[in-house]
């Protein structure tokens, strides 16, 4: 049975620039954020969620754009393996969209946050224990490093918020990257200012964020951005 990348040294993963080492580092960061989220309330909870979104959504977008297409070509069961993870990513997008529709004190928020943490942890285990050891078995060190660099470039320009309507596969997700990334990062900027802004300014910043969210959700419904999706990852609210 392949060894989980969680149990391998950085050297065994192909060095710190390898896509496998980069993935594991992000997963460690995610685990810390999930611990911070547990029990957090009010504005602190919101700020932890924003940090989590900025980690999770670019990370997943880069996987879906760079790594999963390669695995579908390289592995005989790559289609089934990647589809399972794409479904997990889709559920995360749908859960976060529901969370953002609820107020901070809404009683429905707690169960959604618990489910979000559970799906993210399940996703990490599927990737570290099954997908990435399989990728490692058919990919040499040099290619793992090249994949790591490409994955990092894509991650740095990827959308940072939930977009459940966009395809989880190319070409739809790739086409969506530029417009959604611009909108999302403007929204990130507005949200980051809220805790530091005077009280009288905060409502305007929150309204700006909500307006940008509406723009993002309108953009993701452009039919071209859904090209390539598997029917099983189609948003229930589409």
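Values quoted throughout were computed directly from the atomic coordinates according to the rules given, and no laboratory measurement underlies them. Note that the structure is predicted; figures quoted are calculated from it, not measured. Glycine gets a Cβ as well: all are built from the backbone with ideal geometry, and neighbour counts include every protein chain shown.
Spatially, the stretch 85-110 and the stretch 1-68 are offset by 18 Å when compared through their Cα centroids. Distance between the pseudo-spin-label points of residue 106 and residue 43 (7 Å out from Cα toward the beta carbon): 2.2 nm.
Note on residue 129 and residue 201: the extension gain reaches 21.2 nm, defined as 0.36 nm multiplied by sequence separation minus the Cα-Cα distance.
Hey, with R₀ at 30 Å, roughly what FRET efficiency would residue 141 and residue 192 work out to, going by the Cβ-Cβ distance, to 0.05? With R0 = 30 Å, the Cβ-Cβ based efficiency is 0.20.
By how many degrees, between 0 and 90 and to the nearest 10, does the Cα long axis of helix 78-100 differ from the longest principal axis of the chain? So the inclination is approximately 10 degrees.
Computed from the C-beta positions of residue 234 and residue 73 and an R0 of 22 Å, the FRET efficiency is 0.40 to the nearest 0.05.
Where does helix 19-37 land angle-wise versus the long Cα axis of the chain, in degrees 0 to 90, nearest 10? Roughly 30 degrees between the two axes. When the chain is treated as a Gaussian network with alpha carbon springs shorter than 10 Å, the biggest mean-square fluctuation among 207, 62, 21 belongs to 207.
Using C-alpha pairs below 8 Å separated by at least 6 residues, the relative contact order for the stretch 1-115 is 15 percent.
Each 10 Å bin, from zero up to the one with the longest distance, holds this percent of the alpha carbon pairs of the stretch 60-157: 14, 40, 28, 14, 4.
Assign one of three labels to the stretch 147-238, namely rounded, prolate or oblate, based on the Cα gyration tensor with a ≥ b ≥ c the square roots of its eigenvalues; rounded applies when a/c is under 1.5, prolate when it is not and a/b is larger than b/c, and oblate otherwise. Could the numbers behind the result be given before it?
Values: a/c = 3.08, a/b = 1.64, b/c = 1.88.
Note, shape of the stretch 147-238 comes out oblate.
Dividing the convex hull volume of the alpha-carbon atoms in the chain by its residue count gives 122 Å³ per residue. Estimated at 0.36 nm per residue, the fully extended path between residue 51 and residue 115 surpasses their Cα-Cα distance by 21.3 nm.
Could you tell me how many degrees, from 0 to 90 and to the nearest 10, lie between the Cα long axis of helix 172-193 and the main elongation axis, the longest principal axis, of the Cα atoms of the chain? Roughly 50 degrees between the two axes.
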